[in-house]
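Notes follow the structure.
The values are calculated or read from the model by the stated rules, or taken from the named source; none is laboratory data. Given the structure is predicted, the values throughout are model-derived calculations rather than measurements. Don't worry about glycine lacking a Cβ; one is built from the backbone with ideal geometry, like all the others, and counts go over all protein chains shown.
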Amino acid sequence: MSLSHAIATILLQSPHTGYDLSKEFDEKVSCYWQATSQQIYRELAKMQEKGLVEMENIPQLNRPDKKMYSLTEAGKQELINWIMEPSEPTSVREGLLVKVRSGFIVPEEILINEIKRRKQIHQQKLNYYHSLEPEFGDTTNLARPQRHLYLTLRCGIRYETMWIEWCDEAIAQLQQA
């Protein structure tokens, strides 16, 4: 998967400015893909060069023009082609787990404090994801685009829940020592 696929997925729903895309990544896409504003703007330029998105300048009074990006038919086809390909799980690269693995060389309290800090971060994300759930209402009859968005949200919720549970388990184990 590449950033261009994540951007195309958002643009599939409606045109967005680069700013709006960045906000969407921060608020809703972060449970499965993270990108900075700079990365998004660079990728939009590449996608525009390839004809996957088109950009429209929208004049504004006393402000620079808005650049509105939309997915082209070629961009949609590229996304379809990518969806049809098998995907492999991404590799785990988690610094906290490296610290835990080698943590026997420092006092347990150092790791416990770091794990507590990380648990708090995961709890904040989980709370945020739970705050998005009411937007979906009755999830038994969602339209297809909403159902697919809801499924990614549920994955984010389960991911954060798993981390919180692991943090609790790790803290309990380390406190026994």
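Laid out as a table, the results:
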{"item": "Residue count, the stretch 106-117 (criterion: touching a residue at least 24 places away in the same chain (Cβ under 8 Å) and either surrounded by fewer than 16 Cβ atoms within 10 Å (Cβ to Cβ) or in contact with a strand residue (DSSP E or B) (Cβ under 9 Å, 6 or more places away or on another chain) (or both))", "result": "2"}
{"item": "Given (1) surrounded by fewer than 12 Cβ atoms within 10 Å (Cβ to Cβ); (2) under 18 Å from the mean Cα position of the chain (by Cα); (3) not aliphatic (A, V, I, L, M), index of the condition Gln34 fails", "result": "(1)"}
{"item": "Residue in the stretch 116-139 that is closer than 22 Å to Gln13 by Cβ and not in a helix (DSSP H, G or I) present", "result": "yes"}
{"item": "Index of the failed condition, Phe25 passing every other in (1) over 13 Å from the mean Cα position of the chain (by Cα); (2) of a type outside the set (Asp, Glu); (3) under 21 Å from Val92 (Cα atoms)", "result": "(1)"}
{"item": "From the options Arg158, Arg154, residue that is surrounded by 12 or more Cβ atoms within 10 Å (Cβ to Cβ), within 21 Å of Glu27 (Cβ to Cβ) and in contact with a helix residue (DSSP H, G or I) (Cβ under 9 Å, 6 or more places away or on another chain)", "result": "Arg154"}
{"item": "Some residue of the stretch 36-44 being under 23 Å from Pro89 (Cα atoms) and either in a loop (DSSP other than H, G, I, E, B) or not assigned by TED's automatic domain parsing to the domain that holds Tyr69 (or both)", "result": "yes"}
{"item": "Some residue of the stretch 85-102 being basic (Lys, Arg), closer than 30 Å to Tyr128 by Cβ, in the same structural domain as Pro145 (by TED's automatic domain parsing) and assigned to a helix (DSSP H, G or I)", "result": "yes"}
{"item": "Enumeration of residues in the stretch 63-96 that are over 21 Å from the mean Cα position of the chain (by Cα) and closer than 30 Å to Ala172 by Cα", "result": "none"}
{"item": "Hits in the stretch 1-21 (condition: of a type in the set (Gly, Ala, Ser) and surrounded by fewer than 19 Cβ atoms within 10 Å (Cβ to Cβ))", "result": "Ser2, Ser14"}
{"item": "Residue within the stretch 3-24 that is of a type outside the set (D, E, K, R), over 29 Å from Pro134 (Cβ atoms) and at pLDDT below 95 present", "result": "yes"}
{"item": "Gln123 vs. criteria in contact (Cβ under 8 Å) with a residue 24 or more places away in the chain, closer than 18 Å to Ser30 by Cα and not charged (D, E, K, R)", "result": "yes"}
{"item": "Residue match in the stretch 54-63 (condition: touching a residue at least 24 places away in the same chain (Cβ under 8 Å), surrounded by 13 or more Cβ atoms within 10 Å (Cβ to Cβ), in the same structural domain as Tyr32 (by TED's automatic domain parsing) and not in a helix (DSSP H, G or I))", "result": "no"}
